[in-house]
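Engineer: One structure is given below, represented as structure tokens, and several questions about it will come after.
The values are calculated or read from the model by the stated rules, or taken from the named source; none is laboratory data. If you're wondering where the values come from, they're calculated on a predicted model, not measured in any experiment. Neighbour counts run over all protein chains shown; Cβ positions are idealised from the backbone, glycine included. Surface areas here come from the heavy atoms of the whole protein model, side chains and all, with no ligands, DNA or RNA. Shrake-Rupley method; radii C 1.70, N 1.55, O 1.52, S 1.80 Å.
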Amino acid sequence: MGFRFKSHDILGIGLNWTDPAGGLRDQYTAEVFYRWNVSREIALTPDLQYLKNPALNPDQDSIWVFGLRARLAF
């Protein structure tokens, strides 16, 4: 789901549930991102994700992940 702002910027949220195979515990993920159009050709998208019961890291109850994507369209 996303919301449009000035100059086609987008704020979005996402929710996810995963039931992995192999006896791993269910994982829940929440994400928020903002796509900032720097120019017509360049967009930056920082995002923050919260993972509850990360399936591939059973020693942790939850983790935070920060990401930054760049898009170049020439």
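Engineer: Name, by its number, the condition in (1) under 26 Å from residue 71 (Cβ atoms); (2) in contact with a Phe, Trp or Tyr (Cβ under 7 Å, 6 or more places away or on another chain) that does not hold for residue 52.
Structural biologist: Result: residue 52 passes all but (1).
Engineer: For the stretch 21-33: of the residues being open to solvent by less than 70 Å² (accessible area, probe 1.4 Å) and assigned to a strand (DSSP E or B), which is farthest from residue 69 (Cα to Cα)?
Structural biologist: Filtering the stretch 21-33 for residues that are open to solvent by less than 70 Å² (accessible area, probe 1.4 Å) and assigned to a strand (DSSP E or B), the one farthest from residue 69 (Cα to Cα) comes out as 27.
Engineer: Among the residues of the stretch 41-74, count how many are outside any strand (DSSP E or B), surrounded by fewer than 13 Cβ atoms within 10 Å (Cβ to Cβ) and touching a residue at least 24 places away in the same chain (Cβ under 8 Å).
Structural biologist: Within the stretch 41-74, residues that are outside any strand (DSSP E or B), surrounded by fewer than 13 Cβ atoms within 10 Å (Cβ to Cβ) and touching a residue at least 24 places away in the same chain (Cβ under 8 Å) number 5.
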